[in-house]
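Take a look at the structure below.
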Amino acid sequence: MASLTGCQLLSPADQITPPPAPDIAPDPAPETVVAPSQASKDLAIYYGRLQSNLLAQGLMRGDGGGPDTPFTESQLARNFVRIALFNEYRDDNDFRRPQATISNLRRWTQPIRMSVEFGDTVPLAQRDIDTNSVSTYAARLSRLAGVPIRMTDRNPNFHVLFLGEDDRRDFGDRLRELIPNISDATVRTFVNLPRDQLCVVIGTFAPGQSNYTKAVAMIRAEHPSLMRSACIHEELAQGMGLANDSPNARPSIFNDDEEFALLTTHDELLLRMLYDPRLETGMSAAQAAPIARRIAREYMAAGAS
C-alpha cells in the first residue's frame, strides 16, 4: 500500500522535551509476502503458456518496428486521431466490452506523481524488478511528452498497481479510496476481472474538463516478465492520453493483434504529437485532426520513421 511520508507537526507539549535522536535509524519493518491461492497459481501457468504461444508466432516484438513496418505521415495522422481522440470504452462502461467513442483531446496538464503499489502475494524480487521497470519507463514517457513525472509515494496522482488474483479480489475498498467517484459497476468488474483482460487503466477528470487529475493502472502479478512489461508500456501510455486501440495502427502496441509488446517508434511519435503545444487540451477531433496532419508531416519530414 502506498504511504504518505513527511514532517509531522508536534503539539507544544511534545516539543518541550523531545527524545534524543538515535545514532542509527531503525530498520524498516520487513515486507511480507502471502502465499498465492491455487487460482492464482493456475493463472500464472495459463499466462506463461499464453506468452510462449505468442512468442512462437513471432508476436510480442520488442524491436520498435523496422523496415518491415513502414508508415506514412497520413497513416500516422489517422492513427493519432483514432487512438488519441477516441476512448476504448464509454466513460460509463465497466471496461468489459470495448466500445470506441469519440472524445476531446485528453492529457495531463500538471506534473505526474507516480507510485507503485504491490499486493501481498507479489514476491519481493518481482517487486524490485517491476519498480525499476516502471521508473525507467516513466522517465522515457516524461522525455517524450515533456511532462514531469516523479516517482513518489507522497500524494501520488498516478497509481501503478501490481496485484495477484487474491489481492485484486479484496481491492474494492482501496479502489474506492483512490477514485472516490468510481462507479459500482467498474469496481465489480475490477474485482472480478475476466482472465482475458490482461491489465487496465482508469483515468479521471474534473467535471467538464479534459485534463487528467488521476490515473490508476492495474497489472496482473501472475504475468510472466515480458507480459508484465507489455502491460506497463501500454497501460501507462494509455494513462497519458493515448486511450484507444486501432487495428490499423502498425507498428504499435495500441493494436490488439499483440504483434508488439513494447512502445514502438510509431507510438513515441503519437505521444509527442499528443503533447505538442500546437494542440490544446479539450480540442475536438475536428479541431485537432488538421493540426495533427501538419505535425505528422513535420515529424516525418525530419526522418522520424
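Here, each number is a calculation from the coordinates, and none is a lab measurement. Here the structure is a predicted model, which is why all the values come from computation and not from measurement. For neighbour counting, all protein chains shown are included, and Cβ atoms are generated from backbone atoms with ideal geometry for every residue, glycine included.
What is the Rg over Rh value, at two decimals, for the chain, using alpha-carbon atoms and the Kirkwood definition of Rh?
On the way: Rg = 20.9 Å, Rh = 20.7 Å.
Result: Rg/Rh = 1.01.
Report the extension gain between residue 120 and residue 286 in nm, rounded to one decimal, defined as 0.36 nm multiplied by the number of residues separating them, less their alpha carbon distance. Write down the numbers at each step before the final one.
Numbers: separation 166, 0.36 × 166 = 59.76 nm, distance 4.64 nm.
Between residue 120 and residue 286, full extension yields 55.1 nm more.
If amide hydrogens are placed 1.01 Å from N in the peptide plane, which non-local residues have theirs closer than 5 Å to the one on residue 60?
259, 260, 261
Using Cα-only point scatterers and the Debye equation, what is log10 of I(q)/I(0) for region 206-305 at each q in 0.11, 0.13 Å⁻¹, rounded to two decimals?
At q = 0.11, 0.13 Å⁻¹ the computed log10 ratios are -0.39, -0.54.
Does region 109-188 come out rounded, prolate or oblate, given a ≥ b ≥ c as the square roots of the eigenvalues of its C-alpha gyration tensor, rounded meaning a/c under 1.5 and, failing that, prolate meaning a/b above b/c?
Working: a/c = 2.54, a/b = 1.28, b/c = 1.99.
Cα axes put region 109-188 in the oblate bin.
How big is the gap, in Å, between the Cα center of region 26-86 and the Cα center of region 139-201?
16
What percentages make up the Cα-Cα pair-distance distribution of region 209-253 when the bins are 5 Å wide from 0?
Percent of pairs per bin, in order: 5, 18, 25, 22, 18, 9, 2, 0.
Could you pull out every residue, at least 5 positions away or on a different chain, whose amide H is within less than 5 Å of the one on residue 205? Hs are placed 1.01 Å off N in the peptide plane, and Pro or chain starts have none.
Those lying under 5 Å, H to H, from residue 205 are 213.
Over 5 Å intervals from 0, what percent of Cα-Cα pairs in region 180-264 sits in each interval?
Going out from 0 Å in 5 Å bins, region 180-264 shows 3, 13, 21, 23, 20, 12, 6, 1 percent.
For the chain, what does the relative contact order come out to in percent, with C-alpha contacts under 8 Å and a separation of six or more? Mind showing how you got there, number by number?
Values: 480 pairs, mean separation 84.5, N = 305.
Value for the chain: 28 percent.
Which of the peptides 283-296, 161-174, 251-264, 54-67 is most tightly packed, and how do the rest follow, judged by the mean count of other Cβ atoms within 10 Å per residue? Each step should come with its number before you reach the end.
Values: 283-296: 17.0, 161-174: 19.8, 251-264: 21.4, 54-67: 13.3.
Going by the mean number of other Cβ atoms within 10 Å, highest first, we get 251-264, 161-174, 283-296, 54-67.
Looking at the square roots a ≥ b ≥ c of the eigenvalues of the Cα gyration tensor of region 100-238, which shape do they give, rounded for a/c under 1.5, prolate if a/b is larger than b/c, or oblate? Kindly include the intermediate steps, with their values, before the conclusion.
Values: a/c = 1.59, a/b = 1.13, b/c = 1.40.
Taking the square roots of the gyration eigenvalues as a ≥ b ≥ c, region 100-238 is oblate.
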